[in-house]
Amino acid sequence: MGAWSARHRKTAVFGWLLFVVLAAFLGGAAGSHKITDAESMPGQVAQAAKILDQAGIKTPAGETVLVQSTDQTADSTAFKAAVDQVVTALNGTGKVADVRSPYDTKAISADQHSALVQFNLPGDKDQAASNVTAAQNAVAGVQKSNPALRIEEFGEGSANKWITDQFKNDFSSAEWTAVPLALGILLIAFGALVAAVLPVGLALTAFIAASGLTALSSSFLHTSDDASSVMLLVGLAVGVDYCLFYLRREREERAAGRDAATALKIAAATSGRAVLVSGVTVVVAMAGMFLTGIADFQAMSYATIVVVITAVLGSVTVLPALLSMLGDRVEKGRVPFLHKLKAKDPAQGSRIWNAVLTPVLRAPLAATVLATAALLALASPLLGMHTANLTFNQLLPKGNALVQTSERIEQAFPGAPAPASVVVKAEDINSPQMKQAIADFQTRALATHQMHGPIEVTLHPEQNVAIIDVPLNGSGNDTTSTNALKALRDDVVPHTLLTVPGTQAPVTGNTAASHDFNEQMTNSMLPVFAFVVVFAFLLMLASFRSLGIAITAVLLNLLSVGAAYGVLTLVFQHGVGASLLGTAGVGAVESWVPLFLFVILFGLSMDYHVFVVSRIKEAHDRGESTRDAVAHGIRSTAGVVTSAAIIMVAVFAVFGTLSMQSMKQMGVGLAVAVLVDATVIRGVLLPSAMTLLGERNWYLPSWLSWLPDLGHDEVPATGTADPSTTGPELVAR
């Protein structure tokens, strides 16, 4: 592929540009089809959403206005006047429905100092987010007229609007921060502007093309905002890394005296192959997320697979063409001071890595034991990891105005979480049997003493659907609420509503959604983990034809993932160092983050492993001992692995600074794992373990000799050019 691109440079470059433009244009024209509520959650919550969707019933977003005073009570004249102003102002917007005064609903706190004005935002989520602005402006106007009172709004519509707006702002911030960071790091790594721009340009064009392709295909596999964030995150990281591996090898061979054509062929046969193997590993690992059965995960998986395939395609086609076009002009735009910092002989590595590697190779057993013990200690907090579907108050930053309003409402009205909703689909909702079943349901629900009134029944006779709202005991996400949900699903509903033939009655709501999601995550953990580990092992086995290399790769990756889990637990569950990230410990790790991190880290960490072990194998195939080959492989790749790791850590760390708690956890987890992987794993554990194993590294049982040999062409040792090995006369194995 590299040779073809070098011979057809214009075709490769302009073909790539045409592909990117067409993908972006067609994707933009087609538009993105987002995941629906029925797809986004598993279990009974999905069944309930599907019944409502098919019936064309839109559940309005509920909003609440808190009217509160420290010195006045709800029966005072000024307090009543403020409540009336809120009701009048909301009705005057023409954008809300069913405005209810607290004097009618009795939504007044026990101490009489707080009251809730409740109303609905008609339409779907997008319409609710649009309509809520008018309501917020109306409430702000009443607050301005009544400075002695606290008048604040909170609800599903205002929360969704804040999250949507903040998501867009964070996404834009990540783009504008991560790209210059990557460019700056590459400028330091190469000391030349053109060489620094190439990887960033490839990564950005790959991301643009992948975004278009994802939008284009979203009609049959719906996408999400989370998928776009992950695609940017992974696309920028792997796109830059793949180009960096390729470019550094080509520059290294040129520095060793190869002619341009030979240097490019060696880079294609070695780094190009490493990029291909790494890309396939990431794709296979991400495919494991399809086993979760959760639409959001499947969307993230698909988006990541598309961007990785696109980045690999660019790295093995347009990149060789550009390098062939530019030749040594890729070093144009040198920054004098930075260019002098580059190692004159990359094969000898930096002084820092030499200082680390020398004692490791001298005492490999001690290095293995110490490094493993350190990583196990770092990973140990994961034994107490608690995962949960984080609440709105946990997801948003501390001090956020909406969070403060929500907390004030919870404090004034304790024990009043959003109710569970039973969506009843019957053959005839008005039949005597169904009416009796609903009456029995209310009686049995209250008799459990795990639920309380008022139980509200909303009938939609034309669709033969009823929605029964049942307040559960507890806070909504504690054990009490979970037990109440189980009683509702396992006892109350089966013995009342489901006794009528042909009736469906799934239970939904916030508590149900959290329970179903966590249950689905728990059930899918083992299949996903097994899929990723087994296929990563098989890919390494096929790529290097070595049982030792494959086993070592899996074990080392598990250690880096474990370390990331430990740090996540310490920071976000226990709050250790959380203030440095502008957050606080929330008592739990977002339930989807561990599984997502495992899958993506198993794929990404193979970048370094494949690249480093490929160089070690090259040296071993040339006849060097395993110890010398390890030393050569680690030293010759130290610079590029360090640069690639710094870029990945920087990009991931940017996501650790975003507003949403889930994005922070994802960014910090990825950054820590990559940092550990590129330093302790690749700099200490890999060389020490391979030195201890010696020739057993390359052991392949005879019964596996049928495996295809995917090895690349042998290349001469880096050093003084040998005329017999330049040009097209590279000797294949």
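The values are calculated or read from the model by the stated rules, or taken from the named source; none is laboratory data. Computed from a predicted structure; not experimentally measured. Positions of Cβ are generated from backbone atoms using ideal geometry, with glycine treated the same way; all protein chains shown enter the neighbour counts. All accessible areas refer to the heavy atoms of the entire protein, side chains included, with ligands and DNA or RNA removed. Shrake-Rupley method; radii C 1.70, N 1.55, O 1.52, S 1.80 Å.
Placing R0 at 45 angstrom, the Cβ-Cβ distance between residue 18 and residue 55 gives a FRET efficiency of 0.45 after rounding to 0.05.
The share of alpha-carbon pairs in the stretch 568-666 lying farther apart than 22 Å comes to 47%. If you take the square roots of the eigenvalues of the alpha-carbon gyration tensor of the stretch 365-429 and sort them as a ≥ b ≥ c, do you get rounded (a/c under 1.5), prolate (a/b over b/c) or oblate? Oblate shape, in that a/c is at least 1.5 and b/c is the bigger or equal ratio.
Structure note, pairs 95/161; 161/398; 58/425; 106/161; 58/486; 58/95: Cα-Cα distances above 21 angstrom occur for 106/161; 58/486. Using alpha carbons only, how many degrees (0 to 90, rounded to 10) separate the axis of helix 43-55 from the longest principal axis of the chain? Once rounded, one gets 70 degrees.
Seen from a random direction on average, the alpha-carbon convex hull of the chain projects onto 36.2 square nanometres.
Once you have a ≥ b ≥ c as the square roots of the Cα gyration tensor eigenvalues for the stretch 212-288, tell me rounded if a/c is under 1.5, and otherwise prolate or oblate according to whether a/b is larger than b/c. Prolate, since a/c reaches 1.5 and a/b exceeds b/c. Working note: Cα gyration tensor of the stretch 231-341, eigenvalues times five, square-rooted, sorted largest first, giving semi-axes of 33, 15, 10 Å.
Ligands, DNA and RNA left out, the 1.4 Å accessible surface of the chain is 61% carbon and sulfur atoms.
Calculate how steeply helix 125-145 sits against the longest principal axis of the alpha-carbon atoms of the chain, using the helix alpha-carbon long axis, and give the answer as 0 to 90 degrees to the nearest 10. Value to nearest ten degrees: 60.
Post the alpha-carbon centroid distance, the stretch 5-40 to the stretch 188-219, in whole angstrom. Centre-to-centre distance over Cα atoms comes out at 12 Å.
The C-alpha atoms of the chain define a longest principal axis, and helix 364-379 lies at about 10 degrees to it. A compact globular protein would have a Cα radius of gyration near 2.2 N^0.38 Å; the ratio found for the stretch 1-99 is 2.24. Magnitude of the charge dipole for the chain, about its Cα centre and with charges confined to Cβ atoms of Lys, Arg (+1) and Asp, Glu (-1), is about 2560 debye. For the stretch 148-228, the square roots of the Cα gyration tensor eigenvalues, ordered a ≥ b ≥ c, give a/c of at least 1.5 with a/b no greater than b/c, which places it in the oblate category. Compute the separation of the alpha-carbon centres of the stretch 274-320 and the stretch 438-504 and state it in Å as a whole number. The distance from the Cα centre of the stretch 274-320 to that of the stretch 438-504 comes to 44 Å.
Here the stretch 477-532 is treated as an ellipsoid with the same Cα gyration tensor; its semi-axes, largest first and in whole Å, are 27, 16, 9.
Computed on the stretch 1-116, with alpha-carbon pairs under 8 angstrom and 6+ residues apart, the relative contact order is 20 percent. Taking all protein chains together and a 1.4 Å probe, the residues 4, 16 rank 4, 16 from largest to smallest accessible area.
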